[in-house]
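Asker: Got a structure for you, questions after.
The values are calculated or read from the model by the stated rules, or taken from the named source; none is laboratory data. Keep in mind that this is a model prediction, so the values were computed, not measured. Glycine also receives a Cβ, built like all others from the backbone with ideal geometry; neighbour counts cover every protein chain displayed.
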Amino acid sequence: MLIGVIAMFFVKPQDTLEGMIDAVNNALKLSFSLMALYAIWLGILNILEQTGFNKKLSVGLRPMIYFLFGRVSDTTAEYISMNIAANLLGMGNAATPMGIKAINSMDDQSGVATDAMIMLFVINASSIQILPTTIISLRTALKSASPADIILPTIITSFISTLSAVLLVKIIIKIKNRKRRREYD
Amino acid sequence: MTDYILPVLFLILFLIVTFKNIPAYDYFTEGAKGAINLGIGIFPYIAAIMIAVNLLRLSGVTDCLAVILSPVFNFLGIPTELAELTLLRPFSGSGSLALLNEIMTKHGPDSYASRAACVIMGSSETVFYVAGVYFASSKARKLRFAVPVALVSSLISVVAGCFLVRFL
């Protein structure tokens, strides 16, 4: 934000406040639409929790979750499995509220993000989208000869990026642990 | 086909709920209540991030960066036309979608640049926005290596995307 204000000072000082208000306006709109989204998905999530569906799902995904996130509590594992399942089904907007619940349940209140929190964030920030619907419809609107021919490279690419993100986090954690062990010796 | 996934899932869920005699209405409203606090909790962080992004865009800092970094990007196999998209993508979802539209109108939707741009758009996320939303309601303020790793992996996805589109 500081860099932005300094740059504005030199380029267009008269637009600074307007630009800020515009941004907050968008943030308000976004918060409201997120609230609508969360209301639906958190409601559904609560039903799923009470029916015990997500327990079954998380038991199935448990080996993968333990590998990625280490030993997490049962509730956390349930939220994480819901988040990943929603992501794989291409329901990015359903994944967000569940991801937030998972992050909150992993929070140790120390003010510092734990390894598991970072892992979940990185997986969600690298996008595991299967069908880029918005982009395909945009291509159709612009009269592309084959609007859907980007699906395959998109899937491969998002797989590569998620994989590289997971590996990077794993490597960093390993290096940090080794350093810590050396300090104890 | 994909249009039916969600309705079918909802239908199955509601059928199970009715069959099992679960007070679904109560559970739904109980869960939905949490949405208001979540939205309010996230708002200030989204506002701050969006102000920063908007000022950086308006002042032309991102354009300058695109020009400065384009030799580096060329070295990585990212064409100059896509430098700005690569830089903007982690900051702004709607901004980069507008940019994608611009690239496709300018170069034609079936050109190499446009197809690579589509793949970049589809295979990466608005990293800073995701960080704001995911961590806003937790106590964690020190994110350690979270954002750098996410940015590196989205750069990897850009490079991989530009490479793959040449063949696929």
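Conditions tested, residue by residue: (1) aliphatic (A, V, I, L, M); (2) surrounded by fewer than 18 Cβ atoms within 10 Å (Cβ to Cβ); (3) within 14 Å of A:Asn46 (Cβ to Cβ); (4) without any contact (Cβ under 8 Å) to a residue 40 or more places away in the chain.
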| position | (1), (2), (3), (4) |
| --- | --- |
| B:Leu6 | yes, yes, no, yes |
| B:Lys20 | no, yes, no, yes |
| B:Lys33 | no, yes, yes, yes |
| B:Ile46 | yes, no, no, no |
| B:Ile51 | yes, no, no, yes |
| B:Asn54 | no, no, no, yes |
| B:Val67 | yes, yes, no, yes |
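Asker: Do you know which of the residues in the stretch B:151-168 that are touching a residue at least 60 places away in the same chain (Cβ under 8 Å) and crowded, with 24+ Cβ neighbours inside 10 Å is farthest from A:Ile150 (Cα to Cα)?
Answerer: B:Ser154
Asker: Still on this structure: Out of all the residues in the stretch B:56-65, which are touching a residue at least 24 places away in the same chain (Cβ under 8 Å) and either under 23 Å from A:Leu37 (Cβ atoms) or at the interface with another protein chain (Cβ under 7 Å from one of its Cβ atoms) (or both)? Please lay out each step first, then the result.
Answerer: If we filter the stretch B:56-65 for residues that are touching a residue at least 24 places away in the same chain (Cβ under 8 Å), which is where we start, we get B:56-57, B:62.
Residue satisfying the conditions is B:Leu56 alone.
Asker: Among the residues of the stretch A:33-56, write down those that are more than 7 Å from chain B (Cβ to nearest Cβ), farther than 16 Å from A:Ala86 by Cα and under 20 Å from the mean Cα position of the chain (by Cα).
Answerer: Selection gives A:Ser33, A:Ala36.
Asker: Listed residues A:Ala85, A:Ala95, A:Ala102, A:Ala141; which is more than 8 Å from chain B (Cβ to nearest Cβ), more than 18 Å from the chain's Cα centre (by Cα) and free of Cβ contacts under 8 Å to residues at least 40 places away in the same chain?
Answerer: Unique residue meeting the criteria: A:Ala141.
Asker: Shifting gears a bit: Quickly run through the stretch B:114-128 and pick out the residues that are among the hydrophobic types (A, V, I, L, M, F, W, C) and more than 14 Å from B:Leu99 (Cβ to Cβ). Walk me through it before giving the result.
Answerer: Filtering the stretch B:114-128 for residues among the hydrophobic types (A, V, I, L, M, F, W, C) gives B:116-121, B:127-128.
Answer for the stretch B:114-128, where residues must be among the hydrophobic types (A, V, I, L, M, F, W, C) and more than 14 Å from B:Leu99 (Cβ to Cβ): B:Val119, B:Val127, B:Phe128.
Asker: Next up: Across the stretch B:61-78, what is the number of residues that are in contact with a helix residue (DSSP H, G or I) (Cβ under 6 Å, 6 or more places away or on another chain), closer than 16 Å to B:Gly161 by Cβ and not aliphatic (A, V, I, L, M)?
Answerer: Result for the stretch B:61-78: 2.
Asker: Here is a further query. Among the residues of the stretch A:124-138, is any surrounded by fewer than 23 Cβ atoms within 10 Å (Cβ to Cβ), aliphatic (A, V, I, L, M), at the interface with chain B (Cβ under 10 Å from one of its Cβ atoms) and closer than 17 Å to A:Val166 by Cα?
Answerer: yes
Asker: Taking the stretch A:142-180 as the region of interest, how many residues are within 14 Å of A:Leu120 (Cα to Cα) and either touching a strand residue (DSSP E or B) at 6+ places or on another chain (Cβ under 8 Å) or exposed (fewer than 13 other Cβ atoms within 10 Å of the Cβ) (or both)?
Answerer: The total comes to 1.
Asker: Please determine, by comparing only the residues of the stretch A:9-45 that are of a type in the set (S, T, N, Q) and over 18 Å from B:Ala136 (Cα atoms), which one is surrounded by the fewest Cβ atoms within 10 Å (Cβ to Cβ).
Answerer: A:Gln14
Asker: Suppose the filter is over 20 Å from B:Val72 (Cα atoms), at pLDDT below 90, surrounded by 20 or more Cβ atoms within 10 Å (Cβ to Cβ) and among the acidic types (Asp, Glu); does B:Glu125 pass it?
Answerer: Considered against the rule, which asks whether it is over 20 Å from B:Val72 (Cα atoms), at pLDDT below 90, surrounded by 20 or more Cβ atoms within 10 Å (Cβ to Cβ) and among the acidic types (Asp, Glu), B:Glu125 comes out as yes.
Asker: Okay, next question. Name the pairs: first residue in the stretch A:51-69 and among the aliphatic types (A, V, I, L, M), second residue assigned to a helix (DSSP H, G or I), Cβ to Cβ under 6 Å, at least 6 apart or on different chains?
Answerer: Qualifying pairs under 6 Å: A:Leu57/A:Ser81; A:Leu61/A:Ser81; A:Ile65/A:Ala77; A:Ile65/A:Ile80; A:Leu68/A:Met119.
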